[in-house]
Amino acid sequence: MIFRRSIIAELTSTASAVFTVLFTIVFSVGLVRLLGQAAGGRVDNQAVFQLLALTALTWLPLVLTLTLFIAVLMTLSRAYRDSEMVVWFASGQSLLAWVGPALRFAWPIVIAIALLSFFVSPWSNALIEASREQFAKRDDVSRLAPGRFIESGGADRVFFVESVDFTGGKVRNVFVSTRGRGREGLIVAENGVIEVAPNGDRFAVLQKGRRYEGVPGQLEYRTLEFDRYSIRLESRPDQPIGERRAKTLSTFELLTQPTPTNLGELMWRISAPVMALLVTLLAIPLSYTNPRVGRSFNLIIAVLAFAVYINVLNTVQAYVQQSRLDFGVGLWGLHASVLAIVVLLFARRVFVHRWWPRWYRRRRGPAA
């Protein structure tokens, strides 16, 4: 009992140090990226720290999972290097005896990862998306600066507005000159507003105005009065609107709207706590250190195994979102495979010690 308490205490101490380092790295990288986006005018510079805090919440499940893995791995590796495992095995204990203390240490963190993945991360993503959309909408309105002629990026339209309400995203007394297909058009309207379509396109919706269209040099012009007229300001077909929207939906909405994109996002949320539990068990057999090979060899293998696990999970999620793989097969098939690898590694360390049994090596002779 005393030894198990000391194991949990050491795991907690190591996990605290690892989490501090990992969170500092993630926080620094996120801060640099957001500052670059703010300098480029893609995010609001007054909301950088708010976005940084929300982004950090979305990264917490992965950071905590990696913390669990590294903490168990480093603690057992140190026990191997300091010959504590020799004493452990000589006293009649096996490697399986570490499973209990490791899971007792990990279960509160696994529950926290589940809560973050199912509830906190969707809330954070929704606030981040709302902030970005609000800034993008305000940025589109700011392009229509009052009292100035503003040319569009394609040089086929010129905007002029008398006044702009940046809070409500409204413009008043609008003049638009358009050119295309050999014809010119003039649009005048009393007021307008900026709207965002579901696919991400942004429109200037003009209200109560007229449109004049014709060919320069000819007397034939067409006049059109309208109550509502939409002009597309910006098209963003390259952005994954569906995937971005799925991250902002609650878990209940993902369950009630089982589209392929939503199922892929739901798979990731379920996989977060399951992966944390499996990598905790995986770190126990991977922590074995052979002094003749070197102290860092097992760490390299363990980090590569974790990276492969994450990459395969992302690939399976993409297949589920593309309807190329069934949701149940993608979710439980991957984690069942990892669980089988964990059992195999435990069997090798506890029962076999080598990949081939002794009776098989005797039959094959010295070459085995």
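Rule-based calculations on the coordinates, nothing more; no lab input. None of the values given here were measured: they were computed from a predicted structure. Methodologically, a virtual Cβ is constructed for each residue, glycine included, from the backbone with ideal geometry; neighbour enumeration extends over all protein chains shown.
Table for the structure above
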item: Residue-span extension gain [Ala347 to Ala90] - 0.36 nm each, minus C-alpha spacing; result: 90.7 nm
item: Förster-model FRET efficiency, 35 Å R0, Thr24 and Ala336, C-beta, rounded to 0.05; result: 0.50
item: Segment Leu35-Ala9, extension gain: residue separation times 0.36 nm, minus the distance between their alpha carbons; result: 5.5 nm
item: Debye intensity ratio in log₁₀ form over the Cα atoms of the range 71-134, taken at each q of 0.16, 0.17, 0.24 Å⁻¹; result: -0.68, -0.71, -0.99
item: For Tyr309, Tyr288, order by how many other beta-carbon atoms lie within 10 Å, fewest first; result: Tyr288, Tyr309
item: Fewest-first ranking of Thr280, Thr248, using other Cβ atoms within 10 Å as the exposure measure; result: Thr248, Thr280
item: Kirkwood hydrodynamic radius of the range 1-107, from inverse mean 1/r over distinct Cα pairs, in Å; result: 16.2
item: Amide H partners (placed H, <5 Å) of Gln93, local residues excluded; result: none
item: Stretch gain in nm, segment Trp107-Lys170, where the contour uses 0.36 nm per residue and the Cα spacing is subtracted; result: 17.5 nm
item: Estimated FRET transfer efficiency (Thr315, Asp227; beta-carbon r; R0 51 Å; 0.05); result: 0.50
item: Likely footprinting exposure, Val26, Val43, fewest C-beta neighbours within 10 Å first; result: Val26, Val43
item: Table column - 3J(HN,Hα) (Hz), the range 205-219, Karplus curve with 6.51, -1.76, 1.60, x for Gly and Pro; result: 9, 8, 10, 6, x, 9, 10, 10, 9, x, 9, x, x, 10, 8
item: Loop trypsin sites (Lys or Arg not before Pro), the range 1-108 (other Cβ atoms within 10 Å of the site Cβ: 14 or fewer; DSSP); result: Arg42
item: Efficiency of FRET between Ser16 and Gln218 - r from beta-carbon atoms, R0 56 angstrom, step 0.05; result: 0.10
